[in-house]
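The structure under discussion appears below in the form of structure tokens.
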Amino acid sequence: MGSPGAPAGRPTRFTALVGDETRAVEVVPLGDGRFEVTIDGRTRVVDARPTGSVSFSLVIDAVPAEVSVVARGDAYRVWFGGRMHRLRLLDDRALRAHRRSAGGSGEREVRAAMPGKVVTVLVEVGATVEQGEGLLVLEAMKMENEVGSPRTGTVREVRVKAGQAVEAGELLAIVE
């Protein structure tokens, strides 16, 4: 990172999707683990220090906070204040792609990409899910892979259960 007093880095802009809401986010690195974060026009200075593989100690405008963050692509699960928050951070290109794919209606089938065994099912029929949110964990070639939802919607069917062997192309779930 830069040294104290070093000029700020280039801003990075995102759109945060939190449920049905969107937020404009801009992050400017200030150096030494400090960032200027602007969300919907409101700017805060954040000092971020890792305290573990997924945990961080933050100081936001001189107020301390502990958070845990798990990222999967552009999808994030953030634990803060005893609650989990799900969000996606999209750059301009990813936001355009999201808008194109979100425009489609109807159901989307979730199929196994390769043969394996269902380790756990993470959702129930009727659950509301975000695009990319984990539906189940599939073990294939001695690796566990979270299978994400192809769209934001409602889980209409779950066709598998934990411990079940599946073949490549087998229907696992349907999200509408």
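Conditions tested, residue by residue: (1) among the aliphatic types (A, V, I, L, M); (2) in the same structural domain as T152 (by TED's automatic domain parsing); (3) in contact with a Gly (Cβ under 8 Å, 6 or more places away or on another chain).
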site	(1), (2), (3)
A16	yes, no, no
T22	no, no, no
G31	no, no, yes
E36	no, no, no
R44	no, no, no
R49	no, no, yes
S57	no, no, no
P64	no, no, no
V67	yes, no, no
Look at the range 25-41 and say how many of its residues are under 19 Å from L90 (Cα atoms) and more than 20 Å from the chain's Cα centre (by Cα).
-> 5
Among (1) touching a Gly at 6+ places or on another chain (Cβ under 6 Å); (2) modelled with pLDDT of 90 or more, which single condition is G148 missing?
-> (2)
Among R108, R93, R88, R100, which is the only one that is of a type outside the set (G, A, S), at pLDDT below 85 and crowded, with 18+ Cβ neighbours inside 10 Å?
-> R88
Being modelled with pLDDT of 85 or more, over 19 Å from D20 (Cβ atoms), out of contact with any Lys or Arg (no Cβ under 7 Å at 6 or more places or on another chain) and of a type outside the set (S, T, N, Q) is the filter here, so list the residues in the range 112-124 that pass it.
-> G116, K117, V119, L122, E124
Tabulated pairs, the range 137-155, first within 15 Å of L122 (Cα to Cα), second loosely packed, with under 15 Cβ neighbours inside 10 Å and of a type in the set (S, T, Y), C-beta under 7 angstrom, 6+ apart or interchain = V137/T120; T154/T128
What strands (runs of 3 or more DSSP E) lie completely within the range 16-68 and have 1 or more residues being of a type outside the set (D, E, K, R) and closer than 18 Å to G81 by Cβ?
-> 34-39, 42-50, 55-60
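The values are calculated or read from the model by the stated rules, or taken from the named source; none is laboratory data. Computed from a predicted structure; not experimentally measured. Methodologically, a virtual Cβ is constructed for each residue, glycine included, from the backbone with ideal geometry; neighbour enumeration extends over all protein chains shown.
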